[in-house]
Each structure stands twice: as C-alpha cells, then as structure tokens.
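Colleague: A single structure is presented below for examination.
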C-alpha cells in the first residue's frame, strides 16, 4: 500500500512539473505584468469547452481589449453544429478595461435570469473609458470581437443578430449603416441616432432617420423605449419608426408607459424576444428568381407599466383580508383595506398599497411590472393562499384561518372589468393596447375598443 501511494504521489508530481513546463510563457507574462494570455483548447485537447460567461480578449491595432462571450450549456466542441450569434453593445455606464462590467445589465442580465431562453453565442465587447460606441475605433473592435468568436465557436452567419442599449443603441445603428447586410435582425432599447454628446445632429432630424432606414433595408427591427425617458428622447425611436415604415421596412416599436431611461430590463426580459430573433434569417442581397420577399410591417404598441386596475367590491375586499404565513411558518403577511385601498403589511411592518388586475391577480402600486400576487382558491371559492410571483420564482403564503371571511366563499369572478380610470384617459393613436384577461395573460385589442367604460373579457 505504501509503495502504491508513493507511486501515485510521484506520478502526480511529475504531471504537475510537466504541466508547468508546458506553459512557461503564460506564467512569465502574468508575472511580468503583460496582458494575460488565456489557455486555448489546444493546450488541453482532452477537456471539452467550458460554457457560460467566459473571459476573452482581442488585440486591435496593438491594443488589448478584454471582453466576454457567453456559450450556452449545450454547446459542444465536437458536434459541428452552427449556433446563432448575438452581438450586444452595452451603455455608457458599463465602459471600462476589465472586460466584465458590461455583463451586469441588459441582455446579459436576462440571460442569467433565464438561460433556457437564450440558446445563442453572445459576444459582449466593452467600450473603453473615454470612448463611445460611435467612435470608428470602438466599432472596429466590436466587429473584430464578433468575427473572432464567430469563427472560434461556430457561429451561423445567417443567424447573427445585433442588440444594444442606450449608447450601445447609438453604436448599433452605426453598425447597421456600416454593415447593412450583416445582421438578420436587430433589437435595441433606449437607443437612437441623435447622440446625447452630439446634439447638433438634431439639426438633421428631417433626413437622418431616412438614411438609417435605407441602410436597414429589409432587416427586421424591434425597438424599445420608455415614454418618460429623460436621457434619450423616445422621439428618436418614433422618427426611426416612421422612416422605416415609410420605406416599407419591417419594424416593431414598443413604448413602455411610465418607464424612464432603463427600459432594457423589461425589454430583454420579454420572453418573445429570443424567439422573435430566431425567426429571422439573413436575407440574400439578391433574392432568387421567383422567391417571395417577406411582407413589410410596422407595429407601434403602448405597453402600460401595469394593466388597468379594477374595482373590487366590499365582499371581495373582505374575502382577501387576513393573515398569510410564509412557507417556513416564521413570517406573516397581512392584507387589510382602508376604503377602496387594499394594503399589504409585510413581516417587517412595512406597508405597500395593492391594486387588482382581476379578483385573482394583485400587483404593487408603483412597483415592478413583473411582480404579481396570485390568489389561490379551493373548489368552493374560498381563498387558501397567496402566491407571490415574479419572473423567476414564486412563494406560497398559506392563509391563516383567523377570521370569518377566511371560511366564506368569495364572490364569483366578474364577467367584465371596470377600469379605475375612464379608458378615454388612455393614450390613443397606437396600433394596440394591452388589457387584462382572466387567464393572467395580456390580450391585445384595438384602441377604438376602449371607448366604453367596461370591456367584456
């Protein structure tokens, strides 16, 4: 046994010595303060490719630029599969040289929340401090990173997509202009073509949108903007939308009512976005004889921060009032009401006003657009629990039977919704408006349908 142990220890020591000798240049470079050289697959051919967020670097005009690439968990080096690719350009606040800060917001954040939605190779270059994505050097670096990762990780040239937010939206439009037939589709949040650091560009507001729309051509675009954005005016996307529509392009504009500059958290969290991207392939510059071109479309939609609230009856208020215990039984959430206002008191004593989308769905007034409280009922209609639900998880808070209301069946679900405010107050001129539906989903209706105070389900 001792000889076997000694032999194993000797073999391990020899392996470590051999491994150290195989990469002296990398170790020396790290000690000397030179840019770190990442080990390549050739160094360890027996190890399959790591996935997730990976540190990468590229040298452009003698300068080392660190950045990130994301590989889906299913990516395999030996399967010869082509993968869709997304180039993501971050905003002004994520500039730097460390190569990682840009993974905190926007698309990378959405990927961390829902990796199952994003089966893409995602390239995330980082714009240096003091530079902008609209600088020619920055655009060259971004495209070099895209080309390098596409070649390394078998990216599909026919399914290469462009995304960006804020300043990254500025840069994305420049890439559309410089590389008009490179991307199968684009999705941009809080972007535009009138740069905040070049206000004189607004003097060309009559012509610039048309120039970019012409460069976009038949490439599909999905634009997102907050209606109350004080930094990049939503009028930028409005002008681009009108220009693309006038040139019979393919564009979808979603305006989030009440959101300010950060609409990207909501935009990149839209479950339909990755599916929409994958539905597009790069169009040939010269269509085959007899081939049908995709029809043009222009969709302009207002998305409320919350769905219109409904009025609850006194009996429905009474049915909700009570105490609800968290899964481990230590915290208590209490629902009360004062007049027509439903109020939650959490386990820390904090008070939060609630509104109702329906008798079975509550939301926090002024809170996240993704957080909901679902009301659970038994077969007799008695409330048994509240399910605190957001986009990533949910918790069930069980009803504590301490009041007569807890054992009394709640009134039947309404056959229609009555809006808290007359629908005439809702903005008009949009192709669609979202309204609540008992299935807890959103339903599109034409804006003219909202002329009545009540809307049948």
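The values are calculated or read from the model by the stated rules, or taken from the named source; none is laboratory data. All of these numbers come straight from a predicted model, not from anything done at the bench. Note: ideal-geometry Cβ built from the backbone for every residue, glycine included; neighbour counts use all protein chains shown.
Colleague: Checking residue 196 against (1) touching a residue at least 12 places away in the same chain (Cβ under 8 Å); (2) more than 27 Å from residue 93 (Cβ to Cβ); (3) surrounded by fewer than 18 Cβ atoms within 10 Å (Cβ to Cβ), only one condition comes out false. Which one?
Modeller: (2)
Colleague: Tell me whether region 166-174 contains one or more residues that are part of a loop (DSSP other than H, G, I, E, B) and more than 20 Å from residue 102 (Cβ to Cβ).
Modeller: no
Colleague: Still on this structure, I have one more. Since residue 269 meets every condition but one in (1) touching a helix residue (DSSP H, G or I) at 6+ places or on another chain (Cβ under 9 Å); (2) over 26 Å from residue 122 (Cβ atoms); (3) at pLDDT below 95, which condition does it not meet?
Modeller: Against the list (1) touching a helix residue (DSSP H, G or I) at 6+ places or on another chain (Cβ under 9 Å); (2) over 26 Å from residue 122 (Cβ atoms); (3) at pLDDT below 95, residue 269 comes up short only on (2).
Colleague: Taking region 59-111 as the region of interest, how many residues are in contact with a helix residue (DSSP H, G or I) (Cβ under 6 Å, 6 or more places away or on another chain) and surrounded by fewer than 19 Cβ atoms within 10 Å (Cβ to Cβ)?
Modeller: Final tally of qualifying residues: 3.
Colleague: Mind listing whichever residues of region 101-118 are over 12 Å from residue 70 (Cβ atoms), over 10 Å from the mean Cα position of the chain (by Cα) and touching a residue at least 12 places away in the same chain (Cβ under 8 Å)?
Modeller: 101, 117
Colleague: Then there is this: I need the full set of residues from region 329-342 which are in contact with a strand residue (DSSP E or B) (Cβ under 8 Å, 6 or more places away or on another chain), more than 15 Å from residue 388 (Cα to Cα) and surrounded by fewer than 19 Cβ atoms within 10 Å (Cβ to Cβ), in order please.
Modeller: 336, 337, 341
Rundown of residues vs (1) outside the structural domain of residue 370 (by TED's automatic domain parsing); (2) outside any loop (DSSP other than H, G, I, E, B); (3) touching a strand residue (DSSP E or B) at 6+ places or on another chain (Cβ under 9 Å), yes/no style:
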{"site": "108", "(1), (2), (3)": "yes, yes, yes"}
{"site": "111", "(1), (2), (3)": "yes, yes, yes"}
{"site": "123", "(1), (2), (3)": "yes, yes, yes"}
{"site": "126", "(1), (2), (3)": "yes, no, yes"}
{"site": "130", "(1), (2), (3)": "yes, no, no"}
{"site": "139", "(1), (2), (3)": "yes, yes, no"}
{"site": "144", "(1), (2), (3)": "yes, yes, yes"}
{"site": "150", "(1), (2), (3)": "yes, yes, yes"}
